[in-house]
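> Below you will find the structure I want to go over with you.
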Amino acid sequence: MNRIIVFLVILLMVVAVLALGWWAFTLPGEVTVPVGQEEVRIKAGLAVVGVLFLSALIAAVWWILSGLFVLPGRISRSRRRSKAKKANSALTEGLLAAEAGDADAALKLARKAAKHAEDERLKLLLEARAAEANNDWAGAERAWGQLTRLPGGQLAGLRGAATAASERGDQLTAEARAKEALALKSSADWPFNSLFDLQVSKGEWEKALDTLLTGEKRGSISGDSLRRRRAVLHTARAVGLPHDRKVDAQKALAEAIRAAPAFPPAAFHGARALMTDGKAKAAQGVLELGWKARPHPALAQLSRRLVPQDTAANIAGRLQALINTHPNHRESRILAAEIAMDKADWVGAIRSLALLVEENPTARLCLLMERALKGYGDTSEANRWGRMAVSASREPDWSDIDPKGNAFDYDKAGWARLVYTFGDVGELIHPRYESYGRELEAGRVPALPGPEEEEPAPAPKAPDRPLTPPLDYAPDDD
């Protein structure tokens, strides 16, 4: 279609030229041109054609001369375009090679780009990426550092330099670069995340709290993640403080409970600190607050030990107070069964545990059932539940308690991990659970002895009649 149009245009131009020539030759009159002593007479049409031809010739000469003047500029622009094209090609291929992990190709293309690229920032970017692909973190850090001094490259350079320093094992330099980036006015989240992660990994809880506050002001973190992270950091800081700073530790634990009441370690360590100071009533209040937000067996275990040599009635009263704050929770139902066993109400305990076992027969529940059945007098059935406990599933919350009854004994790495597992997801899993470490043996903990003048209630004698299976101990529908 385009060829037909071009052909028609050319045909029309040829026809127009022929028509113009015919018109010029048919013009009447002559044009006289003096040449020396003589006059040359030319037909008007021929004169018109001559003038047109001369004009075209002058235009052609002018176009050639002007072209000669602008030719160097055109050649220069062409060379620059060619150089830019080569540089862009080398940069693109080099970055792709670096991202693909082809270290040799990336390094080769980086050298090629350095010859052709005019923008120093692009050359440094490719040089840094190529160095990273070659695991040359010192070279990468040097290239990123040079990029930070160029306009528009400061934030990207600081990020690359921080990453390279961290890979090189220089955490101090990485932290310094992240602090520089955090001081810049930018909406990027990485300076906060990078600095916070570095401080948490080193167990610098106070610095991490300051960084968390900065992240909150800049909108880098908010909501539940902010509150839960803050609770973990305050608790980790309080646990690590020496005894002569117990006031600061108690303040930190109070801040942790205020930030996230559903963080059991904060309630546990806060109550234990008050218990050490002889403030059992205040400690029980903290435990009830924690139980209401998120019941945890470690809180009940600590409530049992708040007052040394306390009476069984007082212990039961404290445990019942926990239950009343969240009566329908699974832990409250288990605690009610334990209270029944403490009172030697073996049938009531078995009925409560039977319902729980139907929902999820964990090792902890199996051991509690074994204890209740032994107290009732059904030794063979108790032994069966003891055998079932060996292969039953474990409970993450119960694994938070060690064999001595202490809980939430995280090391620095454990607290650092908890910042993210609980802070961002809300999960509370002790490494003991994942490594199958030893935990407090459920059902084997005897009740704390009361005053010497009190005699423990005797257990009822086992009946002479045969016993039905434990699941039948559930209350009847009537």
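We did not get these values from a lab; they are worked out from the coordinates using the rules stated. Because the structure is a prediction, the values reported are computed rather than measured. Here the Cβ positions follow ideal geometry from the backbone for every residue, glycine too, while neighbour counts run over all protein chains shown.
> Counting other beta carbons within 10 Å of each Cβ, put SER435, SER225 in order, fewest first. Before the final figure, lay out the partial values.
On the way: SER435 9, SER225 15.
Lowest to highest Cβ neighbour count: SER435, SER225.
> Here's another thing I want to ask about it. Using the count of nearby Cβ atoms within 10 Å as a rough guide to exposure, how do THR173, THR211 rank from fewest to most?
Numbers: THR173 16, THR211 28.
Lowest count first: THR173, THR211.
> Rounded to the nearest 0.05, what FRET efficiency is calculated for LYS246 and SER391 with R0 set to 51 Å and r the Cβ-Cβ distance? Mind dumping the intermediate values first?
Numbers: r = 44 Å, r/R0 = 0.86.
For LYS246 and SER391, the calculated efficiency is 0.70.
> Here's something else I'd like to know. Using the Karplus curve 6.51 cos²θ - 1.76 cosθ + 1.60 with θ = phi - 60°, what ³J(HN,Hα) values do you get for each residue of region 206-213, in whole Hz, with x for Gly and Pro?
Per residue, the Karplus-derived 3J(HN,Hα) values read 5, 5, 5, 5, 5, 5, 4, 5 Hz.
> Another one. Too long at a 20 Å Cα-Cα cut-off: which of LYS279/LYS404; LYS251/LYS281; LYS207/LYS251; LYS179/LYS217? Provide the component values of the computation, followed by the final result.
On the way: LYS279/LYS404 23 Å; LYS251/LYS281 18 Å; LYS207/LYS251 17 Å; LYS179/LYS217 15 Å.
Distance filter (> 20 Å) returns LYS279/LYS404.
> Based only on other Cβ atoms within 10 Å, what is the fewest-to-most ordering of MET369, MET13, MET275? Intermediate results must be reported in sequence, preceding the final value.
Working: MET369 29, MET13 10, MET275 21.
The order, fewest Cβ neighbours first, is MET13, MET275, MET369.
> What whole number of Å gives the distance from the Cα centroid of region 288-320 to the Cα centroid of region 161-179?
What the calculation gives is 47 Å, centre to centre.
> Which of rounded, prolate or oblate describes region 310-358 when judged by the alpha-carbon gyration tensor and an a/c cut-off of 1.5?
Values: a/c = 3.39, a/b = 1.25, b/c = 2.72.
Since a/c reaches 1.5 but b/c is at least a/b, the shape of region 310-358 is classed as oblate.
> List every residue whose amide H lies under 5 Å from the amide H of ILE401, counting only residues 5 or more places away in sequence or on a different chain, with H placed 1.01 Å from N in the peptide plane.
Amide H neighbours of ILE401, under 5 Å, 5+ apart: LEU440.
> Here's something else I'd like to know. With a cut-off of 8 Å between alpha carbons and a minimum separation of six or more residues, what is the relative contact order of region 380-437 in percent?
Numbers: 30 pairs, mean separation 23.4, N = 58.
Over region 380-437, the number comes to 40 percent.
> Shifting gears a bit: In the neighborhood of GLU206, defined by Cβ-to-Cβ distances under 13 Å, what is the net charge if each Lys or Arg adds +1 and each Asp or Glu adds -1?
Charge balance in the 13 Å sphere: +2.
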